[in-house]
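The values are calculated or read from the model by the stated rules, or taken from the named source; none is laboratory data. All values derive from a computational prediction rather than experimental measurement. For neighbour counting, all protein chains shown are included, and Cβ atoms are generated from backbone atoms with ideal geometry for every residue, glycine included. Areas reflect the complete protein model, heavy atoms only, side chains present, ligands, DNA and RNA absent. Shrake-Rupley method; radii C 1.70, N 1.55, O 1.52, S 1.80 Å.
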Amino acid sequence: MMTTTVMSRPIRVVSALAVTPVLRWAIAVHSVPDDRPWRSACTCGQPLWTGAVAPTGRCTGCNHRIGAPPYAVEAVAGLVTAALALTGQTGWALAAYAWWAATMLVLAFVDLAVLRLPHRITVAASVGFLGLLAVDGDGHAWRRAATAALVLAVLFLVLAVATCGQLGWGDATLAVPIAAALGWHSWQAVYAGTLLGFGSAALLAITLRSTGRRLPGSVLPLGPFLIAAAVIVLAWP
């Protein structure tokens, strides 16, 4: 058993690195402002799939950087793969969390770049995650995950309305896959992940404002904090 586990770790790392071109392509496609259509090519005309999927993040046609910073996606994918290994998940549950992690990585980089959480990526994350977990066969955990997703989504929608846009609609929809991933484990994980995400974002915002590095009224993307918090809670022993 130990030999199989040790041998599977390099395989997981290689698998994670193998999908990073797809993740880089998805990040480049969706890293555009709300009023712009999805990107399909670089400004020089080079298609994204052939021109913006290398680890350098630069277009092969004009050497202009598109999407995520150089080697950032690859580094984060490696860290997330290590975190997934710590969860101890196997089979369909592992496949579900791998899908979840890949889509969350795309959402985090897009939100950092353009303060946007594309709904179609969030929907794909939620449907794929809950669908794969349904095959796992643990009905009790699945119902808890679905219930947590619904409860947190409603809470975020109420907060979005109450704060008049300070909490965006993208953040409200992100609550679904975040809560589902945490809810599969326990309600305690949902509470811990949500509090850690909001708390870390608030702490950074206060720190930046007190040091004069963040102007009043500027927006801090919440998505990466919620995603990072969820990964930490899931990987915590």
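Tallying residues that are of a type in the set (S, T, N, Q) and open to solvent by less than 90 Å² (accessible area, probe 1.4 Å) within segment 56-66 yields 1.
Does segment 91-102 contain any residue that is assigned to a helix (DSSP H, G or I), of a type in the set (Ser, Thr, Tyr) and touching a Pro at 6+ places or on another chain (Cβ under 9 Å)? No, segment 91-102 contains no residue that is assigned to a helix (DSSP H, G or I), of a type in the set (Ser, Thr, Tyr) and touching a Pro at 6+ places or on another chain (Cβ under 9 Å).
Looking only at segment 30-55, count every residue that is without any contact (Cβ under 8 Å) to a residue 40 or more places away in the chain, assigned to a helix (DSSP H, G or I) and buried (at least 21 other Cβ atoms within 10 Å of the Cβ) and tell me the total. Within segment 30-55, residues that are without any contact (Cβ under 8 Å) to a residue 40 or more places away in the chain, assigned to a helix (DSSP H, G or I) and buried (at least 21 other Cβ atoms within 10 Å of the Cβ) number 2.
Of all residues in segment 200-223, which are out of contact with any Phe, Trp or Tyr (no Cβ under 8 Å at 6 or more places or on another chain), assigned to a helix (DSSP H, G or I) and open to solvent by less than 40 Å² (accessible area, probe 1.4 Å)? Within segment 200-223, 205, 208, 223 meet the criteria. Among the residues making up segment 90-99, those that are open to solvent by 30 Å² or more (accessible area, probe 1.4 Å) and either in contact with a helix residue (DSSP H, G or I) (Cβ under 8 Å, 6 or more places away or on another chain) or more than 24 Å from residue 229 (Cα to Cα) (or both) are 91, 92, 94, 95, 98, 99. Residue pairs whose Cβ atoms lie under 6 Å apart, sitting 6 or more positions apart in sequence or on different chains, and linking a residue in segment 85-112 that is of a type outside the set (A, V, I, L, M) to a partner that is outside any helix (DSSP H, G or I), are 97/89; 109/68; 111/117; 111/221.
Checking each residue in segment 56-90 for being β-branched (Val, Ile, Thr) and assigned to a helix (DSSP H, G or I) picks out 73, 76, 80, 81, 87.
In segment 207-225, the condition of being at pLDDT 95 or above and in contact with a Ser or Thr (Cβ under 7 Å, 6 or more places away or on another chain) is met by at least one residue.
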